[in-house]
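Before any comments, here is the structure.
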Amino acid sequence: MDNLLEVKDLEVSFYTHAGEVQAVRGVNFAIKQGEVVAIVGESGCGKSVTAKSIMKLLPSSNSSYKKGSILFKGQEIIQANEREMKKIRGNEIGMIFQDPMTSLNPTSKISDQIAEGLRKHRNMSRKEALNYGIKLLEMVGIPHAAERIHHYPHEFSGGMRQRVMIAIAIACEPELLIADEPTTALDVTIQAQILKLLKQLKDDLNTAIVLITHDLGVVAELCDKVIVMYAGKVVETGNIAEIFRNPRHPYTMGLMRSIPRLDMQRDENLYSIVGTPPDLLNPPKGCAFYSRCKYAMKICKDFSPEMESLEQSQKAACWLYHPLAKSAVKTS
Amino acid sequence: MSKGNIVLTKEMFVPAEDNFLEAETISAPSVSYWRETWRRLKENKLALFGLIIIILLVLMAIVGPYINGYSYFEQDFSKKNQPPNSEHWFGTDTAGRDLFTRAWYGARISLFIGLMAALIDFVVGVIYGGISAIKGGRTDNIMMRIAEVLFSIPYLLMVILMMIILERGIWPIIVAMTITGWIPMARLVRGQVLQLKELEYVQAANAMGAGTFWTLAKHMVPNMMGPILVNITLTVPTAIFAEATLSFLGLGIPAPEASWGTMASDSLGSILIGNFYQLAIPALLISITMFAFNVFGDGLRDALDPKLKK
Amino acid sequence: MLRFAGKRLLWALVTLWAIITITFIIMHSIPGDPFAREGKMPPAVYENLTKHYHLDEPLYVQYFLYIKSLLVFDFGPSLKSSTLTVNDYIEKGFPVSLHLGIQALLLAVVLGLIFGVIAALNRNKWPDYLSMVLAIIGISVPSFILATFLINYFAVEWGLLPAATWSSWSHTILPTISLAMLPMAYIARLMRSSMLEVLNQDFMLTAKSKGLNKGFIIMKYGVRNAILPVVSVLGILAANLVTGSFVVESIFGIPGVGELFVDGIFNRDYPVILGSTIFYSMVLIFLIFIVDIAYFWIDPRIKVAGEEQ
Ligand SMILES: Nc1ncnc2c1ncn2[C@@H]1O[C@H](COP(=O)(O)OP(=O)(O)OP(=O)(O)O)[C@@H](O)[C@H]1O
Ligand code: SF4
Ligand SMILES: [Mg+2]
């Protein structure tokens with residue numbers, strides 16, 4: 001078994017006063033050593049919930065794994081207890097969050113925040129952890145690291161803080177790094193720098209990365225595989241060339257058209273998909289994209305399409321690729 | 001052709017025409033601010049309980065003194081120090097006055113003091129805080145500095161000092177309480193106005209030539225009602241607490257009038273001669289009232305600010 | 001740092017000046033001649049008063065001399081005695097009040113923090129409800145009523161603890177509890193909501209994603225951040241303790257400044273009332289100053305803001 005991480009039929013729900021929020025309703029994907037997989041989809045489609053499920057970081061009070069399995073190096077995460085998870089978190093899987101302004105502890109020095117994990121998982125002494133922390137900060141490109149390590153988070157800019165977060169996440173050289181929108185909160189130029197850094201880390205350390213984003217530009221730059229999510233489900237997967245050259249799911253097509261291009265006229269409006277995603281409190285029983293889909297057919301309303309293989313590695317969940325539909329598409 | 005137990009037919013694969021319409025019907029119902037607040041408040045059983053107690057207290061303060069036919073000042077030394085019985089439901093005090101009537105008469109005075117203090121704090125606070133925020137700049141700075149200095153004098157100490165130069169009575173107590181009591185409200189209002197000033201529709205109203213005061217009244221006050229209501233709710237127990245302490249210091253309402261504070265402090269000695277109920281009744285009433293206003297105020301704040309309740 | 005401290009010090013002085021001025025105004029707005037009340041005053045006392053307050057000088061001179069005397073901590077004579085001054089009374093009472101106050105503050109802070117944290121960690125479960133019911137009782141029951149109840153049960157009915165005076169440590173237990181209850185309740189509630197807010201922060205997730213131990217996360221990430229608002233209200237809580245101590249000291253017959261103050265009110269001994277008011281204010285302003293400086297050290301974000309200015 002050569003998959004580092006394998007997520008199968010994952011379903012996760014939250015229980016709120018309004019009812020059950022079915023945040024993740026069936027997600028499948030696998031990632032190998034050193035691979036970079038992107039999860040894309042618009043806000044609220046369940047990307048972060050998927051990411052947090054892998055680390056068992058969901059609030060235990062109101063969430064539950066309803067179905068499926070998450071295998072990390074053959075170990076079932078869903079069954080793992082807290083003690084086993086503590087060995088995995090930070091040690092074998094590292095995580096970077098969206099907002100670097102709020103994801104560091106404001107009342108504790110960077111040195112402590114880097115050292116904590118090292119001392120716990122690598123049994124380093126205070127001194128060793130400090131020295132290693134300085135090396136890490138240098139590695140993620142923080143100037144004057146030996147001095148800066150003694151500063152507090154608020155003394156760093158947003159981009160620098162995200163570098164610190166990355167240094168913390170990779171401190172114990174995890175085999176898998178989950179980056180939940182690591183660039184969304186940053187300026188464009190800094191976004192590019194952070195992406196370059198991630199790419200370099202991947203090459204140097206051979207870390208597998210799950211990169212969550214709603215920016216397809218980011219995807220093209222460093223990913224091998226793409227997973228497109230919509231309303232809690234995976235609607236299309238494939239390698240990057242397939243997805244970019246020939247998106248098959250209508251939602252993915254829409255996403256592709258909404259990427260800004262260099263050859264665009266200045267006054268040309270950026271394409272955006274009309275409508276809003278469905279309410280996950282009562283998800284529709286048919287295709288979730290039905291209410292926004294240009295190609296929608298009668299069947300889509302009541303029956304949910306399954307994932308079908310289309311190319312070597314490309315799969316999509318859409319009735320358009322059902323044998324019976326071919327004629328229908330042609331006539332329309 | 002079939003898939004699982006569904007039978008698929010060719011007709012199912014013709015284009016759907018009405019699919020975009022669905023989008024509009026799916027969108028979540030928009031519930032208004034107050035309805036939403038009320039819904040959250042109803043979920044908080046403790047706050048609801050507090051609200052019910054407050055309503056009952058107010059009702060009893062209105063009708064309670066007339067129920068059993070005694071008056072709050074009528075003395076009957078032949079019946080003094082009677083424990084609760086069928087004639088005097090809460091017993092009588094050292095002067096033979098009916099404690100049931102006095103308790104609810106006291107409720108009237110205690111609640112009146114609390115509510116008046118809250119109301120005056122509200123009016124002064126809105127004016128002071130509103131002016132400070134609208135004028136802005138230097139005026140704002142100076143006004144807030146003054147408020148800050150006054151506020152650093154402990155509230156109860158200030159009330160006591162004021163009571164030393166004022167006469168004893170209901171209104172002097174209210175005046176003493178409001179002399180610095182308005183400051184938290186003023187700060188709150190100022191903060192809210194500063195926030196709201198940034199909002200588009202207020203700026204739009206200003207651009208359309210509406211006067212500043214008019215803008216304040218029309219747009220801001222309804223918007224600020226939430227936090228202000230919470231503040232008022234929490235001012236009432238503070239005032240009742242302060243009134244009780246004043247009574248203890250001999251600066252409360254003079255006899256034969258009754259407030260819970262005077263009733264409690266007058267009967268402090270009575271428990272030593274076994275008349276425990278004389279203290280227990282006003283003490284319980286004070287505590288229940290404080291409890292009710294506090295839990296209701298807290299619940300209201302949580303309901304208005306769902307951030308914490310996520 | 002120095003700059004920040006200097007600013008706070010200046011602020012403290014302004015506040016002190018405001019309080020002195022207010023007491024001066026109050027002294028002169030007391031109806032009638034406050035010092036010649038009912039003509040019962042021994043001539044020696046009246047002479048002391050005239051001398052201290054310079055009653056024969058014009059008002060503005062009186063004002064400046066009043067401030068001057070206070071700046072050298074001279075609180076003036078008392079109506080009670082022709083030989084003992086307010087300073088003498090305060091000197092005797094302050095150690096007692098300080099002892100009681102510190103004991104109560106410690107109790108309130110320690111228990112309040114523990115209750116608050118436990119409540120937040122067990123949100124909407126029974127430990128939360130229990131702590132919050134305790135806190136609401138603490139806020140709802142005026143201290144003189146609480147004190148009377150404690151005396152009635154622990155001292156009179158069950159005879160477990162002494163009820164009054166101040167002669168051994170066991171004498172301090174009931175007054176300390178009566179005094180600590182209100183601030184404890186405040187701290188518990190504040191700590192609970194502050195902790196709940198912190199538990200929702202992103203950095204808590206970061207901490208968890210590092211695989212750290214739960215206890216460590218709660219202390220270093222949770223409590224360490226949640227405690228900041230509690231530190232910032234310590235000044236107000238101290239003020240609460242002071243006003244609470246009037247009542248508690250006089251109920252338990254504790255010979256502190258609070259009892260002095262309450263006796264002053266009952267006897268209309270204005271020099272004592274004003275003197276102890278100003279003394280209290282000085283203590284409080286000093287405390288608030290210390291809390292500000294402490295906060296400056298505890299919250300690293302303020303440090304920079306302070307230094308940049
Ligand atoms: N703690 C929670 N309690 C209840 N519902 C939640 C909780 N966390 C997430 N959800 C719901 O789960 C759904 C998926 O959320 P998720 O955070 O995974 O979205 P996302 O794809 O990461 O979006 P974004 O791009 O905005 O980060 C949302 O509808 C959200 O309301
Ligand atoms: S299944 Fe139907 S509605 Fe859904 S994306 Fe495909 S065509 Fe559109
Ligand atoms: Mg997200």
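Some observations on this one:
- Only residues that are on the phi < 0 side of the Ramachandran plot and either in contact with a His (Cβ under 6 Å, 6 or more places away or on another chain) or not β-branched (Val, Ile, Thr) (or both) were counted in the stretch A:30-39, giving 5.
- A:Val274 vs. criteria within 16 Å of ligand 2 (Cβ to nearest atom), touching a Lys or Arg at 6+ places or on another chain (Cβ under 9 Å) and modelled with pLDDT under 85: yes
- Residue in the stretch B:12-22 that is within 16 Å of ligand 1 (Cβ to nearest atom) and either surrounded by 13 or more Cβ atoms within 10 Å (Cβ to Cβ) or at pLDDT below 80 (or both) present: no
- Within the stretch A:40-56, the residues that satisfy the criterion of being away from ligand 2 (no atom under 16 Å from the Cβ) and on the phi > 0 side of the Ramachandran plot are A:Gly44, A:Gly46, A:Lys56.
- Of the residues making up the stretch B:269-282, one or more are at pLDDT below 75 and either part of a loop (DSSP other than H, G, I, E, B) or within 16 Å of ligand 3 (Cβ to nearest atom) (or both).
- Residues satisfying the stated conditions in the stretch A:288-317, i.e. charged (D, E, K, R) and more than 10 Å from every other protein chain (Cβ to nearest Cβ): A:Glu308, A:Glu311, A:Lys315
- Yes/no for A:Gly117 being within 9 Å of chain C (Cβ to nearest Cβ) and farther than 22 Å from A:Leu186 by Cα: yes
- Note on the stretch A:299-315: among residues that are over 15 Å from A:Ile227 (Cα atoms) and buried (at least 17 other Cβ atoms within 10 Å of the Cβ), the one that is nearest to ligand 1 (Cβ to nearest atom) is A:Ser304.
- Verdict on A:Asn105 being closer than 15 Å to A:Ala167 by Cα and crowded, with 21+ Cβ neighbours inside 10 Å: yes
- A count restricted to the stretch A:206-253 and to residues that are closer than 19 Å to A:Pro305 by Cβ and of a type in the set (A, V, I, L, M, F, W, C) stands at 9.
- Residue check for A:Leu104: of a type outside the set (Phe, Trp, Tyr), away from ligand 1 (no atom under 13 Å from the Cβ) and assigned to a loop (DSSP other than H, G, I, E, B): yes
- Enumeration of residues in the stretch C:105-151 that are assigned to a loop (DSSP other than H, G, I, E, B) and out of contact with any helix residue (DSSP H, G or I) (no Cβ under 8 Å at 6 or more places or on another chain): C:Asn124, C:Lys125
- Qualifying position, being more than 14 Å from the chain's Cα centre (by Cα) and closer than 30 Å to C:Ala44 by Cβ, among C:Phe75, C:Phe115: C:Phe75
- Test for A:Val21: is it on the phi < 0 side of the Ramachandran plot and within 16 Å of ligand 3 (Cβ to nearest atom): yes
- Pairs, first under 19 Å from A:Val228 (Cβ atoms) and assigned to a helix (DSSP H, G or I) in the stretch A:316-330, second at pLDDT below 65 and within 16 Å of ligand 1 (Cβ to nearest atom), C-beta under 6 Å, six or more apart: none
- If you filter the stretch A:278-298 down to residues that are over 25 Å from the mean Cα position of the chain (by Cα) and more than 7 Å from ligand 2 (Cβ to nearest atom), you find that the one that is surrounded by the most Cβ atoms within 10 Å (Cβ to Cβ) is A:Ser291.
- Meets criteria (touching a residue at least 12 places away in the same chain (Cβ under 8 Å), under 20 Å from A:Tyr251 (Cβ atoms), within 16 Å of ligand 1 (Cβ to nearest atom) and not basic (Lys, Arg)) for A:Val24: yes
- Candidate set: the stretch C:202-233, residues that are facing chain A (nearest Cβ under 7 Å) and among the aromatic types (Phe, Trp, Tyr); chosen: the one farthest from A:Ala171 (Cα to Cα): C:Tyr221
- Residue in the stretch A:59-91 that is farthest from ligand 3 (Cβ to nearest atom), counting only those that are in contact with a strand residue (DSSP E or B) (Cβ under 7 Å, 6 or more places away or on another chain) and part of a loop (DSSP other than H, G, I, E, B): A:Lys73
- Within the stretch C:257-278, residues that are within 21 Å of C:Leu100 (Cα to Cα) and free of Cβ contacts under 8 Å to residues at least 60 places away in the same chain sit with their Cβ atoms under 7 Å from residues that are among the aliphatic types (A, V, I, L, M) and crowded, with 24+ Cβ neighbours inside 10 Å, at 6+ positions apart or across chains, in these pairs: C:Phe261/C:Ile273; C:Gly264/C:Val272; C:Gly264/C:Ile273.
- Note on the stretch C:260-274: residues that are within 12 Å of chain B (Cβ to nearest Cβ) and assigned to a helix (DSSP H, G or I) total 10.
- Selection status of A:Lys127, modelled with pLDDT of 90 or more, surrounded by fewer than 18 Cβ atoms within 10 Å (Cβ to Cβ) and within 12 Å of chain C (Cβ to nearest Cβ): no
- Just one of the listed residues (A:Asn91, A:Asn62) is touching a residue at least 12 places away in the same chain (Cβ under 8 Å) and surrounded by fewer than 18 Cβ atoms within 10 Å (Cβ to Cβ), namely A:Asn62.
The values are calculated or read from the model by the stated rules, or taken from the named source; none is laboratory data. Remember, predicted model here, so these are calculated numbers, not experimental data. Glycine also receives a Cβ, built like all others from the backbone with ideal geometry; neighbour counts cover every protein chain displayed.
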